[in-house]
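Novice: Can you keep this structure in mind? I'll have questions shortly.
Any read-out appearing in this document is the output of simple, stated calculations on the displayed coordinates, not a laboratory observation. Everything quoted here is computed from the prediction, not taken from an experiment. Cβ coordinates were reconstructed from backbone atoms using ideal geometry, including for glycine residues, and neighbour counts include every protein chain displayed.
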Amino acid sequence: MAEQNNAVLPKGVVQKEFDKAIGKFRALLGEDNVLVKADQLAPYNKIMMPVENAAHAPSAALTATTVEQVQGVVKICNEHKIPIWTISTGRNYGYGSAAPVARGQVILDLKKMNRIINIDPVMCTALVEPGVTYGQLYDYIQEHDLPLMLSFSAPSAIAGPLGNTMDRGVGYTPYGEHFMMQCGMEVVLANGDIYRTGMGGVAGSNTWQIFKWGYGPTLDGMFTQANYGIATKMGFWLMPKPPVFKPFEVIFENEEDIVEIVDLLRPLRMSGTIPNSVVIANILWEAGSGNVRRSAYTREPGHTPEAILKQIQKDTGMGAWNLYAALYGTQEQVDVNWKIVSDVFKKHGKGRIVTQEEAGNTQPFKYRAELMSGVPNLQEFGLYNWRGGGGSMWFAPVSEARGSECRKQAALAKRILHKHGLDYVGEFIVAPRDMHHVIDVLFDRTNEEESRRADACFNELLDEFEKEGYAVYRVNTRFQERVARSYGPVKRDVEHAIKRALDPNNILAPGRSGIDLDSYKKA
């Protein structure tokens, strides 16, 4: 009989059927690519949410190396009704990591599918497999001296473009809206068919990574944050490396300044004067990512008092809000735009401008500048050391790029977090019209009482923000069903109608974004 982790089985699957499937997976993938022992599965069960690891424990993990193997896996899953949870690099920290949304699902790990299939330095395009990391891409570009620049999330080196884009993540360059820069997907459907979006279905096409839309309905977005297929290739556009790059920071001393910061910034983003995704980080995001530890100031439980926040500002020179942006282009373009930008902030008078020459290699300016220039790093993992204890959940509501809205969201989040004895560690990522308000809910997972508070806090954040008309654009696996309800019943009916059509056996990541044929009931 196949050897497996007897303690965990997929929902609705009996041991005998599971063993048959495991035997077929081994025949297809080889012994070393079918993992069932507890020590083999441990890396797939490291979560940062306030629940026991067992709640998200996989029953097995499979590693595929070819598209044909992925097709074989879905065939076996259909035969035995085995649910699979697909990951690319499994580094989606803050949103659930590599663990499945539901206990017992089988992990399909695509990290070994890590070919950089093509990079065209003239058309500035790339085509990659799921396991390719940003660090790998960066090394390739450097080794081949290509005049190209990457855009990625933070921390970036160990994450990958396919996974980040499929979850609609963002970066910090002018190409920071990653899904907008995606061009052409290859997707294995639940029945094993291979679907290529855009121009990819045209035999002999050389425009798959050039023209996004193709003909008829454009379906790329349907596969993001969804469970309708398994992406096995993705194309995307790369930014030509500019001759001049000028990063800068503007430091603001008072929390109330957020209104003026955003309202000054919005016209500069809309006009393209500042072309990149701008970050406005609060003092605790800045301090944590800059290697400051809470224990250096206090070991008292509860949220960090305002007096300590002011002391950190005084000791480090950091602001209550810290704006990071950059200019790109020729020297003439950068000089003209720098005069416009610096005049705006100097006229305002509250912000202190810091250039790269003034900042040198100090953190967090150094890692922020690297992110804005396409150099991957892991510096932002420092946030997890602010409190320690290994607990982290990212709460990410969307806001208008309007100062009054940002002040309202920041105040609401801070009140709820402080009520539960937790810190407001937040930043706004600024597009021309919207803001991603990202809050890292940090807590000690080794402390059962604090974990309960963190869980209650996240629920209250969702509830109270929804009352004000706000919703998150991404969420960790514990709360995906809850967030799906925020978007209304008609959307959910449509999503499940698509699921029934494409995946009637419900084998692909049931529960992803709340899409699950077994549990969904029409209102």
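Novice: Across all directions of projection, what mean area in square nanometres is found for the Cα convex hull of the chain?
Specialist: Average projection, Cα convex hull of the chain: 24.3 nm².
Novice: Right, another one. Output the 0 to 90 degree angle, nearest 10, between the alpha-carbon long axis of helix 15-29 and the longest principal axis computed from the alpha carbons of the chain.
Specialist: The angle comes out at about 80 degrees.
Novice: What FRET efficiency do you get for GLU306 and GLN40 if R0 is 30 Å and r is their Cβ-Cβ distance, rounded to the nearest 0.05?
Specialist: The pair GLU306/GLN40 has a calculated efficiency of 0.05.
Novice: Okay, next question. Give, in nm to one decimal, the length gained when the segment between LYS112 and LYS20 is fully stretched (0.36 nm per residue of separation minus the Cα-Cα distance).
Specialist: The span from LYS112 to LYS20 would gain 30.7 nm if fully extended.
Novice: Additional query: Among rounded, prolate and oblate, which fits the stretch 363-406 when a ≥ b ≥ c are the square roots of the eigenvalues of its C-alpha gyration tensor, a/c under 1.5 means rounded, and a/b larger than b/c means prolate?
Specialist: oblate
Novice: Over the alpha carbons of the stretch 38-192, what is the largest minus smallest coordinate on each principal axis, giving the biggest first in Å?
Specialist: Principal-axis extents of the stretch 38-192 (Cα, largest first): 47, 36, 27 Å.
Novice: Let me ask another. If you fit an axis through the alpha-carbon atoms of helix 306-316 and take the longest principal axis of the Cα set of the chain, what angle between them do you get, 0 to 90°, nearest 10?
Specialist: The two axes meet at around 80 degrees.
Novice: Just need log10 I(q)/I(0) for the stretch 1-128 at q = 0.13, 0.18 Å⁻¹, Debye formula, equal scatterers on the alpha-carbon atoms, no solvent, rounded to two decimals.
Specialist: Log-scaled intensity ratios, in q order: -0.54, -0.93.
Novice: Hey, what's the Cα Rg ratio for the stretch 116-240 versus the globular rule of thumb, 2.2 N^0.38 Å?
Specialist: Compared with the compact-globule rule of thumb, the stretch 116-240 sits at 1.00.
Novice: Also: If all Cα-Cα distances of the stretch 45-105 are sorted into 5 Å bins from 0 onward, what percent lands in each bin, rounded to whole numbers?
Specialist: 4, 17, 26, 23, 16, 10, 4, 0
Novice: Helix 67-80 against the longest principal axis of the chain: what's the angle in degrees, Cα atoms only, rounded to the nearest 10?
Specialist: The angle comes out at about 60 degrees.
Novice: Still on this structure: Need the full-extension length gain, ILE158 to ARG352, defined as separation in residues times 0.36 nm minus the C-alpha distance. One decimal, nm.
Specialist: Extra length available between ILE158 and ARG352 comes to 66.5 nm.
Novice: From Cα pairs below 8 angstrom and at least 6 apart in sequence, can you work out the relative contact order of the stretch 139-221, rounded to a whole percent?
Specialist: 18
Novice: Take every Cα pair under 8 Å in the chain that's 6+ residues apart, average their separations, divide by the length, and report that relative contact order as a whole percent.
Specialist: Answer for the chain is 16 percent.
Novice: Can you tell me the dipole magnitude for the chain around its Cα centre, using point charges on the Cβ only (Lys, Arg +1; Asp, Glu -1), in Debye to the nearest 20?
Specialist: About 800 debye.
Novice: List the trypsin sites (Lys or Arg not before Pro) in the stretch 25-86 that DSSP assigns to loop (not H, G, I, E or B) and whose Cβ has at most 12 other Cβ atoms within 10 Å. Which are they?
Specialist: LYS37
Novice: Whole Å is fine, so just give me how far the alpha carbon centre of the stretch 423-454 lies from that of the stretch 373-406.
Specialist: 7
Novice: Another one. Classify the stretch 333-435: rounded, prolate or oblate, from the alpha-carbon gyration tensor (a ≥ b ≥ c, eigenvalue square roots; a/c under 1.5 rounded; otherwise prolate if a/b is larger than b/c)?
Specialist: oblate
Novice: In whole percent, what relative contact order does the stretch 318-460 give with Cα contacts below 8 Å and a gap of six or more residues?
Specialist: Computed value for the stretch 318-460: 20 percent relative contact order.
Novice: Also, I was wondering about something else. What whole-number distance in Å separates the alpha-carbon centres of the stretch 338-363 and the stretch 74-140?
Specialist: 40
Novice: Roughly how many whole Å is it from the C-alpha centroid of the stretch 30-55 to that of the stretch 282-306?
Specialist: The stretch 30-55 and the stretch 282-306 have Cα centres separated by 32 Å.
Novice: Now, a different point. How about the stretch 444-490: which GluC sites (Glu not before Pro) there lie in a loop by DSSP and see at most 14 other Cβ atoms within 10 Å?
Specialist: Passing both the DSSP loop test and the Cβ count: GLU468.
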